[in-house]
Amino acid sequence: MTPDQLATAIRHALVRAIEDGALALEPAQVPAEITVERPRNPDHGDYATNIALQVAKPAGTSPRAVAELIAVRLREVGGVASVDVAGPGFLNVTLDAATLGELARSVVVAGESYGRIDRYAGTRVNVEFISANPTGPLHLGHTRWAAVGDAIARVLEAAGAEVVREFYINDRGLQMDKFGMSLEARALGTEPPEGGYHGAYVDDIARQVVAADPSILELTGPDRWAAFREAGYALQLQQQKDVLDGFNTHFDVWYSERTLHSSGAVERGLARLREHGHVFESDGAVWLRTTDFDDDKDRVLVRSNGELTYFASDTAYYVDKRDRGFDVCIYLLGADHHGYVNRLRAVAACAGDDPDVNIEVLIGQLVKMMKGGEEVRLSKRAGNMITLEDLVDEVGVDAARYSLIRYPVDSPLTLDLDLLVSRSNDNPVYYVQYAHARIASVLRNAGDLGIDWRGATADLSLLTHERETALLGLIGELPRVVGTASELREPHRVARYLEELANAYHKFYDVCRVLPGADADVEPINVARLWLCGAARQTLENGLALLGVSAPDRM
RNA sequence: GCGCCCGUAGCUCAACGGAUAGAGCAUCUGACUACGGAUCAGAAGGUUAGAGGUUCGAGUCCUCUCGGGCGCGCCA
C-alpha cells in the first residue's frame with residue numbers, strides 16, 4: 001500500500017464516520033488533502049496523520065474522539081495491521097508486513113518510471129534560467145542556476161509537466177558593442193574602452209577571432225569592432241553551450257534577443273499591452289502603467305528618443321512565451337534582480353494574464369566561495385573569477401551539481417572549495433552514490449552466486465526487521481517527495497530525501513545480511529532482501545536522475 | 001528613506017503549522033578473519049537573534065526591535 005492509497009483509505013474512513021452519523025461534519029468540511037507522513041519516531045507506526053486534529057473543531061468535538069471514530073473504521077481496511085490514537089489526536093498507522101513488503105516488488109517492476117506522478121499532466125511550463133550575456137564565461141552565480149534550474153525542470157517533468165528549458169541570450173545593446181570594442185582593442189594591443197571587458201579570456205577570444213580570419217584587421221572604423229563583436233559572440237556563445245553541455249544541463253531553446261526584435265515580437269507584445277489599456281504616453285515617452293498591479297512605479301517602454309528599453313524586450317518576451325503556448329512561465333533570477341519581481345508580475349497582469357498563475361519569478365540568493373578559510377571575492381577582473389568550468393574542473397559535475405542543489409535557493413549559500421574537493425563524506429553526494437554502488441555490488445554478487453531473485457517466488461512478508469520496514473517506508477516516499485519538490489519548486493528536497501534513504505539502506509545493510517554466507521543455502525529471506533535491495537537501488541537511481549547526478553555501480 | 005531575502009548546535013545547513021528542533025563536519029568512545037569501513041552504534045553540543053501576538057499546537061504565520069545580504073534609472 002502506498003501512502004497515497006492510505007490517505008484515500010483514511011478519507012473513506014472519515015466519510016463513513018460522517019455517513020454513520022457518528023461525526024457531525026459537512027462533507028465540504030473534509031480537507032481536500034489528507035496529510036499522511038512518516039513519523040520521525042518509529043514507535044509512532046509506519047504512517048501518521050493529523051486529520052483528527054484538523055476536523056475536530058468544525059465537528060464540535062475533541063480531536064481524540066474524532067481519531068477514535070476514524071481508527072475503528074480504518075482498522076477494517078485490508079493491509080492495515082494496527083491503528084493507534086496518540087498524543088493530542090494523531091492517528092498512528094502500522095501496515096502489515098506483506099502489504100509493506102509488496103512495495104519493493106512494485107518499485108522494481110515500475111523501474112525508471114517509479115516516482116513519476118501526474119500532478120502536472122497537461123501543463124506546459126517554460127523554465128528560463130541563466131540567460132547570461134554572451135560576452136564572457138559563465139560564473140559561479142550562473143552555476144547555481146544551471147544546476148537548480150535544470151533540477152527544477154527535471155522534477156516538474158517527473159511530476160508530469162511538459163517542460164521547456166530556455167536560455168535568453170542578451171545579444172543586443174550597448175554591452176555587445178563594448179564587447180566587440182574590447183576584443184578589437186586587445187587584438188590591436190590597446191586597452192579596452194571605458195566600461196569594457198577585461199581578463200585573459202578577452203585576449204583568448206580576440207586571438208581566436210584573428211586566427212580564424214586575419215583579414216578582419218584590414219577593416220576600419222565601426223566595421224572592424226562590429227566584426228569582432230559578431231565573431232566573438234559566436235565563439236563565446238558556443239563556449240557557454242559546451243560548458244553547460246558538460247554540466248549535464250541541456251537547453252531546449254536558446255532565444256536570441258535580436259530575434260525577438262527582428263521577428264516583430266516586440267511590436268506584437270506592445271500591441272497586446274495596448275489592447276489591455278495599460279499603455280500611455282508622457283514626457284514624450286511610452287510607458288506601461290505597472291502601478292495598476294503592485295509595481296512601485298510605472299516603467300518606460302519607449303524612450304523619448306525613440307529607443308526601446310530593455311524592459312520593452314522583457315514584456316515582449318513574456319507575451320511571446322505565452323503565445324508559444326506555455327501555461328506557466330518560470331523565471332529564475334539572482335537576488336540582485338529581485339526588484340524585477342513586481343514589474344514582471346505586473347507585465348503579466350497588463351497582458352491580461354493572472355500573475356498568480358501564469359508567471360512565477362524565483363529569486364535565488366548569491367553563492368559565496370570559501371577557500372583556505374577565506375572568502376573568494378568574485379570579480380569580473382579575471383584573476384579570481386570562478387567560472388562554471390573552473391568549479392567542474394575542481395570538483396566534478398556530480399559534486400558540483402549536488403552541492404548547489406541540496407540547499408534551498410532563498411538562503412545565501414557558502415561553499416567551501418576545500419571540502420568539496422576532498423572526495424570524502426564531507427560531501428553528501430558520495431554518501432548517496434556510495435549507497436547505490438554498494439547495492440549494485442550486492443546485486444552483482446547475487447548474480448555471481450547464481451541467485452535469480454527476480455525469477456524466484458518471493459515472500460516479501462518476511463521483511464519485518466525494524467531496519468527493513470524503515471527502508472521500505474522511505475522507498476515509498478519518492479512519489480510524494482516529487483510532489484512537494486515540484487509544487488514548491490524546491491529540488492533540494494529530493495537531495496535531502498536521498499540522504500535519508502541512503503542512510504536507511506546503510507543501517508539496514510549493517511545488521512541484515514542479504515546474501516547467504518559461504519556454503520549456506522539460499523533462504524527465502526535472502527530473496528526477499530534482494531528485492532528490497534533492488535527497490536532501494538532503483539529509488540536511488542531515479543532520485544539522483546532528478547538532480548542530474550549519476551548513480552554509479554562502482555566508485 | 002522605501003522594498004525583498006536571511007538570522008536554528010563551534011562550522012555548513014535541514015525541518016509542506018504537528019509529537020522529544022534534526023543531519024553532516026569538527027571533538028570524544030566503540031563495531032567486521034561473511035555481502036564495498038566512502039559504513040554503522042554511541043557521547044557531547046540549542047532560550048531557533050530578541051520582545052509581543054494569532055491557536056489545540058509556532059523555528060514556521062502577524063507586529064515591532066536588533067543584526068547581515070541585496071535592490072530601488074527614459075542603464076543594460
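The values are calculated or read from the model by the stated rules, or taken from the named source; none is laboratory data. From a predicted model like this one, the values you see are computed outputs, not experimental measurements. When we count neighbours, we look across all protein chains shown, and the Cβ atoms used for this are built from the backbone with ideal geometry, even at glycine. We work out accessible area using only protein heavy atoms, side chains counted, and drop any ligands, DNA or RNA first. Shrake-Rupley method; radii C 1.70, N 1.55, O 1.52, S 1.80 Å.
Looking across the range A:462-492, the residues that are under 24 Å from residue A:553 (Cα atoms) and either more than 32 Å from the chain's Cα centre (by Cα) or outside any helix (DSSP H, G or I) (or both) come down to A:476, A:477, A:491. Looking across A:81, A:110, one residue alone is over 26 Å from the mean Cα position of the chain (by Cα), over 30 Å from residue A:332 (Cα atoms) and surrounded by fewer than 21 Cβ atoms within 10 Å (Cβ to Cβ). It is A:81.
Residue by residue through the range A:501-522, note down the ones that are farther than 16 Å from residue A:443 by Cα, out of contact with any Gly (no Cβ under 9 Å at 6 or more places or on another chain) and more than 8 Å from RNA strand B (Cβ to nearest atom). Of everything in the range A:501-522, those that are farther than 16 Å from residue A:443 by Cα, out of contact with any Gly (no Cβ under 9 Å at 6 or more places or on another chain) and more than 8 Å from RNA strand B (Cβ to nearest atom) turn out to be A:519, A:521. Among the residues of the range A:173-191, those identified as within 16 Å of RNA strand B (Cβ to nearest atom) and open to solvent by less than 20 Å² (accessible area, probe 1.4 Å) are A:176, A:179, A:180, A:182. Counting only strands (runs of 3 or more DSSP E) wholly contained in the range A:345-390, the ones carrying 2 or more residues that are at pLDDT 85 or above and buried (at least 19 other Cβ atoms within 10 Å of the Cβ) occupy A:359-364. Can you confirm whether the range A:69-80 contains a residue that is in contact with a Lys or Arg (Cβ under 7 Å, 6 or more places away or on another chain) and either within 15 Å of RNA strand B (Cβ to nearest atom) or outside the structural domain of residue A:15 (by TED's automatic domain parsing) (or both)? No: the range A:69-80 contains no residue that is in contact with a Lys or Arg (Cβ under 7 Å, 6 or more places away or on another chain) and either within 15 Å of RNA strand B (Cβ to nearest atom) or outside the structural domain of residue A:15 (by TED's automatic domain parsing) (or both).
Does residue A:91 satisfy being assigned to a helix (DSSP H, G or I), open to solvent by less than 60 Å² (accessible area, probe 1.4 Å) and closer than 20 Å to residue A:477 by Cβ? It is false that residue A:91 is assigned to a helix (DSSP H, G or I), open to solvent by less than 60 Å² (accessible area, probe 1.4 Å) and closer than 20 Å to residue A:477 by Cβ. Looking at A:104, A:65, A:48, A:24, just one residue is farther than 30 Å from residue A:457 by Cα and crowded, with 19+ Cβ neighbours inside 10 Å, and that residue is A:48. Only strands (runs of 3 or more DSSP E) whose full extent lies in the range A:272-337 are considered here, and the ones with at least 3 residues that are surrounded by 20 or more Cβ atoms within 10 Å (Cβ to Cβ) and more than 9 Å from RNA strand B (Cβ to nearest atom) are A:328-334. Entry remark, the range A:150-172: residues being out of contact with any Gly (no Cβ under 9 Å at 6 or more places or on another chain) and open to solvent by less than 40 Å² (accessible area, probe 1.4 Å) number 12 in total. Taking the range A:439-461 as the range and being open to solvent by less than 60 Å² (accessible area, probe 1.4 Å), in contact (Cβ under 8 Å) with a residue 40 or more places away in the chain and part of a helix (DSSP H, G or I) as the test, the residues that pass are A:439, A:440, A:441, A:442, A:443, A:446, A:460, A:461. Answer yes or no: is there a residue in the range A:239-247 that is more than 28 Å from residue A:301 (Cβ to Cβ), touching a residue at least 12 places away in the same chain (Cβ under 8 Å), open to solvent by less than 40 Å² (accessible area, probe 1.4 Å) and outside any helix (DSSP H, G or I). Checked against the condition, which is being more than 28 Å from residue A:301 (Cβ to Cβ), touching a residue at least 12 places away in the same chain (Cβ under 8 Å), open to solvent by less than 40 Å² (accessible area, probe 1.4 Å) and outside any helix (DSSP H, G or I), the range A:239-247 yields at least one hit.
Kindly indicate whether residue A:472 is in contact with a Pro (Cβ under 7 Å, 6 or more places away or on another chain) and more than 11 Å from RNA strand B (Cβ to nearest atom). Answer is no for this residue.
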